[in-house]
1. Springs between alpha-carbon pairs under 10 angstrom, Gaussian network model over the chain: which of D92, D74, D51 fluctuates most?
2. Which of the GluC sites (Glu not before Pro) found in the range 53-87 are loop residues per DSSP with 16 or fewer other Cβ atoms within 10 Å of their Cβ?
3. Of the candidates F64, F55, F79, which one comes out as most mobile in a Gaussian network treatment of the chain with C-alpha springs shorter than 10 Å?
4. Where in the range 1-50 are there chymotrypsin sites (Phe, Trp or Tyr not before Pro) that are in a DSSP coil and have at most 16 other Cβ atoms within 10 angstrom of their Cβ?
5. Would you mind working out the magnitude of the charge dipole of the chain relative to its Cα centre, with +1 at each Lys and Arg C-beta and -1 at each Asp and Glu C-beta, to the nearest 20 Debye?
6. Please report the relative contact order for the chain, taking Cα pairs under 8 Å with a sequence separation of at least 6, and give it as a percent rounded to a whole number.
7. Extending each Cα 7 Å along its Cβ direction at K66 and I49, get the distance between those two points in nm, one decimal.
8. Kirkwood Rh over Cα pairs of the chain into Stokes-Einstein at 20 °C, 1.002 mPa s: D in µm²/s?
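What follows draws every value from the coordinates through simple rules; no lab data is involved. Since the structure is predicted, the reported quantities are computational estimates derived from the model, not experimental observations. No Cβ is skipped: glycine too gets one built from the backbone with ideal geometry, and neighbour counts run over all protein chains shown.
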Amino acid sequence: FGILKMDGTEVLPCILDSYTEPINGVMYFSSGLCQGLWLMNHGILIPAIYDNIEFVELDEPLLFTKNGVLGYVDYDKNFVPKSEIDAIEDEDWKHDRLLEFICEESEC
């Protein structure tokens, strides 16, 4: 199955095997053995190319596994290995560049 907007625009093609109900505007989905997510409130769609996607805690970057490598996804949807990010000491850079689980205070 896939996902369409109310106006009929395709969000996700008919390749999905499963999905979660949206929680705080975040929907996880899978296609085959791969996972993806849709940050609905922010219009960010991460394709189902990851082995695993892990929510750590609020306002912390989501942890992705791709081809057995742990890492993060930046706001340009690029996968960055965790080892590269751990070497960066500027916490503000991490916060500004890495995809986080984001929700409004009233939704958390």
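1. The residue that fluctuates most here is D92.
2. E57
3. Its mean-square fluctuation being the largest, the pick is F55.
4. Working: sites: F1, Y19, Y28, F29, W38, Y50; in loops: F1.
The qualifying sites are F1.
5. Values: 6 positive and 22 negative charges, 134 e Å.
So the dipole magnitude of the chain works out to roughly 640 debye.
6. Values: 184 pairs, mean separation 16.8, N = 108.
Taking the mean separation of contacting Cα pairs over the length of the chain, I get 16 percent.
7. Label-label distance for K66 and I49, simple model: 0.5 nm.
8. Numbers: Rh = 14.6 Å.
Result for D is 147 µm²/s.
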